[in-house]
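Here is the structure we will look at.
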Amino acid sequence: MKKTILTLFSAIALLNFTNAQISYCTALHSTICSAFNNIDSVRILSTSLANLNTGCTGTNGNAYTIYPATGNTTATLQAGNTYTFEVTTTTDNIVSVWIDYNQNGVFDSVEWFQICTTSAANLANAVSITIPTNALGGVTGMRIRSRDAGRSNGPNDACSSFGSGETEDYSVTIVGAVACTGIPAVGIASAPTAVCSGVNFNLSLSGYSSGISGLTFHWQSSLTSGGTYTNIIGGI
């Protein structure tokens, strides 16, 4: 009897290890699919993932769906590149996404992004996500969850039980960043025309090289255009 139990345990462990979707926790919703709080469309721009106008597709009485890694329900993402994720919901929702970069079968809090805190019904809500250069290559899981606006849907809620909303799981393929060769494009920096002392402001950069292994950035400042530039603290 003991030998049989050990053999069965070994088979289950192997199944969990080799199948990315099976190893993730089941997302629970106390309400079945309805006309409200649904994820209606998911898209990653410039990729093949464009799962549109689906409504709620949950199975087994739960608003939770696992989509296959084929066609318009999967994507190839390059480490180091930035992608725009768009999610459309049927009502006002708070929406989150997790990507299992280290492929440990857990949607960790550091792998979380807030798409929006109050979505506009039937309008795409977007967030830009940069795939880390140290993300493991290969097929990995991605989870998107919606819930009534005003409720918790944060970094530690990948496996929480929700009373509303919907969860959709996808598989995406991450490929490594290309090796750095030659001189990368530095891009063009933009800043506000006027700022006040002691008030935070945002800088932006466009046209720079991306998706390159080993390439890092750091903002610098100088009192004059021809002066000595020094690193800005926290300006990575």
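The values are calculated or read from the model by the stated rules, or taken from the named source; none is laboratory data. Just so you know, these numbers come straight off a predicted model, no measurement behind them. Just the protein is used for accessible areas: all its heavy atoms, side chains included, with ligands, DNA and RNA removed. Shrake-Rupley method; radii C 1.70, N 1.55, O 1.52, S 1.80 Å.
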(request) Determine the shape class of the stretch 37-189: with a ≥ b ≥ c the square roots of the Cα gyration tensor eigenvalues, call it rounded for a/c under 1.5, and otherwise prolate if a/b is greater than b/c, oblate otherwise. (result) prolate
(message) Could you report the stretch 86-222's accessible area per residue, 1.4 Å probe, as an integer in Å²?
(response) 50 Å²
(message) Out of the total accessible area of the stretch 107-197 (probe 1.4 Å, heavy atoms of protein only), what percent is carbon and sulfur?
(response) 57 percent
